[in-house]
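Student: Pasting a structure here, questions to come.
The values are calculated or read from the model by the stated rules, or taken from the named source; none is laboratory data. It should be emphasised that the depicted structure is a prediction, and the values quoted were computed from it without experimental measurement. Cβ atoms come from the backbone with ideal geometry, glycine included; neighbour counts cover every protein chain shown. Please note that ligands, DNA and RNA were not included when accessible areas were found on the heavy atoms of the full protein model with its side chains. Shrake-Rupley method; radii C 1.70, N 1.55, O 1.52, S 1.80 Å.
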Amino acid sequence: MTLLKPFRHPRLWLCLWLLAIAAVVGLSLGPPPPFPDMPSGTDKLEHGLAYFLLAAGAVQLFRGRGGWMTAGLALVIVGIGVEFAQGAYTTDRMRDPLDAIANTVGVLLGLSTVLTPLRDLLLRLEQRVRRPV
């Protein structure tokens, strides 16, 4: 039994999800983009949203609790690891335990989409789109 839902293009969706993870890691470890001054704590919402989307993507891709939980645990580890890497390997970023917590909360909220009718949205959309013959 495969870990992925029965997509027509499972490797494509998996690669896009992995690229999204790589983008989040890259943006987290690269120089901060120039943003206007934002209220304090706004970055926690950004962290939570990014990891929410990654975890919700895992719910879209993987079938069964094992796949979701493995992906969720991996995302939590990535989120914590990125915070350590920011403190150890960057000069313009700093390690912030609250960011790791925001990442983890985002993962938990993203995984909770499994409890909604949206859990198979990507599968339904892919099945609706028919390739022209």
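Student: Quick one: in the stretch 118-133, of everything that is of a type in the set (K, R) and either modelled with pLDDT of 85 or more or surrounded by 15 or more Cβ atoms within 10 Å (Cβ to Cβ) (or both), which residue is nearest to P6 (Cα to Cα)?
Tutor: R124
Student: Same structure, new question: Counting only residues that are in contact with a Gly (Cβ under 9 Å, 6 or more places away or on another chain) and touching a residue at least 40 places away in the same chain (Cβ under 8 Å), which one in the stretch 72-91 is farthest from C15 (Cα to Cα)?
Tutor: Applying the filter and picking the extreme gives T90.
Student: Answer yes if at least one residue in the stretch 82-93 is over 28 Å from F7 (Cα atoms), in contact with a Pro (Cβ under 7 Å, 6 or more places away or on another chain) and surrounded by fewer than 12 Cβ atoms within 10 Å (Cβ to Cβ), and no otherwise.
Tutor: yes
Student: May I pose another question? In this structure, is G110 at pLDDT 95 or above, farther than 22 Å from K5 by Cα and within 11 Å of the chain's Cα centre (by Cα)?
Tutor: Judged against the criteria, G110 is not a match.
Student: Give the stretch 27-58 a look and list any residue that's open to solvent by 40 Å² or more (accessible area, probe 1.4 Å), free of Cβ contacts under 8 Å to residues at least 40 places away in the same chain and not in a helix (DSSP H, G or I), or say none.
Tutor: Hits for the stretch 27-58 are P33, P34, F35, P36, D37, M38, P39, S40.
Student: Another question, if that's okay. Just to verify a result, which residue in the stretch 1-18, among those that are assigned to a helix (DSSP H, G or I) and more than 10 Å from the chain's Cα centre (by Cα), is surrounded by the most Cβ atoms within 10 Å (Cβ to Cβ)?
Tutor: By that ranking, first place goes to W13.
Student: Spot the failing condition for R63; the list is (1) surrounded by 15 or more Cβ atoms within 10 Å (Cβ to Cβ); (2) farther than 19 Å from L16 by Cα, and only one is missed.
Tutor: Here R63 meets the rest and fails (2).
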